[in-house]
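Engineer: Pasting a structure below so you can have a look.
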């Protein structure tokens, strides 16, 4: 039987998006000015309880601006995770700085224990400056990524940042709607704890504007600087006077109109994704060799992506499973290639990268769209439960072995 294709993660545009976008077109506010931009920024700031929000073209541009307003400059260093999408790291190079790569923990986010060991054993803190003993560069900031809608150990990260005078930039591009339910940051949303947070509204995110992103902060000076830099650093709008190198990183009114319709449905999307995750989890727990990775117990996650861990007892390895599910018209993907292994970053310092390598070998993301039906979830589960091993299982076909 030829089943309909089940995509990995696609938009859900069944609310007021068409009405708002149509209104923007009818009023001819389609470019980077218009009331929907201001309204979307205000709605976002209100939702996550931040002092303000500045829209931008995508998450990458948001991180680029975040680094600049945090004062990261040429030849500085920024501590980053190796297990993430490369867009979280490239902006470090945009500002002329260098990344130092850290391992992940079992939440797939930055390992705070190893981070502390690195800061104590591999660095010198003198006169308010953190110096990397190996490179003799100044370490100025940490970028932490809330992977798949989970939350990093922000209490641990913020404690170390305060001790060593480091800025903290939260890449919350995958974690809009995730917040702590206990601990020192109870009710604090992903992106609102560090100095600057960044969201993404790419087509596969929990809400989308097609492209688009958002910079948030509780520091008004940072918000003002972000607004200035994303709008070409104009000091005089009428006479086009510019006092810095700025960027055309503005969100359009059409994108913001779409985003406003999406924001109205965000909590509904999270509820659907949670229900599907729980259904997956209960059945996968009965399948030998598979585990659906959990989220932190002290957070309300947004359940953005589901991470399936393949143990060696499962009859298919990562690449064979992806190929097999593709034959069943089910889209999946491996976790990202570790950034410290990528060609542009091979010469950068990495510190005790171990667990991330294991997750790279064994994690597959399975369908998780907010419009995924229970019938489709059951189709995926049926395929996982009864893999056709004789045709697709070949250890020689994959670039790793256990």
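Engineer: Can you tell me the relative contact order of the stretch 163-212? Whole percent, Cα pairs under 8 Å, sequence separation 6 or more.
Structural biologist: Across the stretch 163-212, relative contact order equals 35 percent.
Engineer: Of 154, 263, how do they rank once you tally other Cβ atoms within 10 Å and put the fewest first?
Structural biologist: Ranked by crowding around the Cβ, least crowded first: 263, 154.
Engineer: Could you tell me the distance between the Cα centroids of the stretch 336-383 and the stretch 32-96, to the nearest Å?
Structural biologist: What the calculation gives is 23 Å, centre to centre.
Engineer: Counting only DSSP beta bridges with both residues in the chain, tell me the antiparallel percent, nearest 5.
Structural biologist: For the chain, the DSSP antiparallel bridge percentage is about 60.
Engineer: Hey, another quick one. Using a/c under 1.5 as the rounded threshold, could you call the chain rounded, prolate or oblate? The axes a ≥ b ≥ c are square roots of the C-alpha gyration tensor eigenvalues, and prolate needs a/b larger than b/c, oblate otherwise. Numbers along the way, then the final one.
Structural biologist: Numbers: a/c = 1.94, a/b = 1.19, b/c = 1.63.
Verdict is oblate for the chain.
Engineer: Of the listed peptides 59-66, 168-175, 80-87, what is their order by residue-averaged count of other C-beta atoms within 10 Å, with the highest listed first?
Structural biologist: Taking the mean over residues of other Cβ atoms within 10 Å, the ranking is 168-175, 59-66, 80-87.
Engineer: Starting from the Cα gyration tensor of the stretch 1-74, take the square roots of the eigenvalues, sort them a ≥ b ≥ c, and report rounded, prolate or oblate (rounded when a/c is under 1.5, otherwise prolate if a/b is larger than b/c, else oblate).
Structural biologist: oblate
Engineer: Which length gain, in nm to one decimal place, applies between residue 18 and residue 248 when the Cα-Cα distance is subtracted from 0.36 nm times their residue separation?
Structural biologist: Full-extension gain reported as 80.2 nm.
Engineer: Could I ask something else about it? I'd like to compare 203-213, 110-120: which one has the highest average count of other Cβ atoms within 10 Å, and what's the full order after that?
Structural biologist: Going by the mean number of other Cβ atoms within 10 Å, highest first, we get 203-213, 110-120.
Engineer: Counting pairs of alpha carbon atoms under 8 Å apart in space and at least six apart in sequence, what relative contact order in percent does the chain give? Don't jump to the answer; show the numbers that get you there.
Structural biologist: Numbers: 867 pairs, mean separation 92.0, N = 402.
Result for the chain is 23 percent.
Engineer: Choose one answer from 26, 288, 98: the residue with the largest mean-square fluctuation in a GNM of the chain with alpha-carbon springs under 10 Å.
Structural biologist: Taking springs between Cα atoms under 10 Å, the residue moving most is 26.
Engineer: Can you put 278, 77, 39 in order of Cβ neighbours within 10 angstrom, beginning with the fewest?
Structural biologist: On the way: 278 12, 77 23, 39 17.
Exposure proxy ranking, most exposed first: 278, 39, 77.
Engineer: Would the stretch 266-397 count as rounded, prolate or oblate if I go by the C-alpha gyration tensor, calling it rounded below 1.5 in a/c and otherwise prolate when a/b exceeds b/c, oblate otherwise?
Structural biologist: Verdict is oblate for the stretch 266-397.
Engineer: Between residue 267 and residue 312, what length comes free when the chain is fully extended (0.36 nm per residue of separation minus the Cα-Cα distance, one decimal in nm)?
Structural biologist: Length difference between fully extended and current span is 12.5 nm.
Engineer: A further question on this structure: What relative contact order, as a whole-number percentage, does the stretch 293-352 give when Cα pairs under 8 Å and 6 or more residues apart are counted?
Structural biologist: Relative CO of the stretch 293-352 lands at 17 percent.
No lab work stands behind these numbers, since they all come straight from the coordinates. Model, not experiment: these values are computed from the prediction. Backbone-built Cβ (ideal geometry, glycine too); neighbour counts: all protein chains shown.
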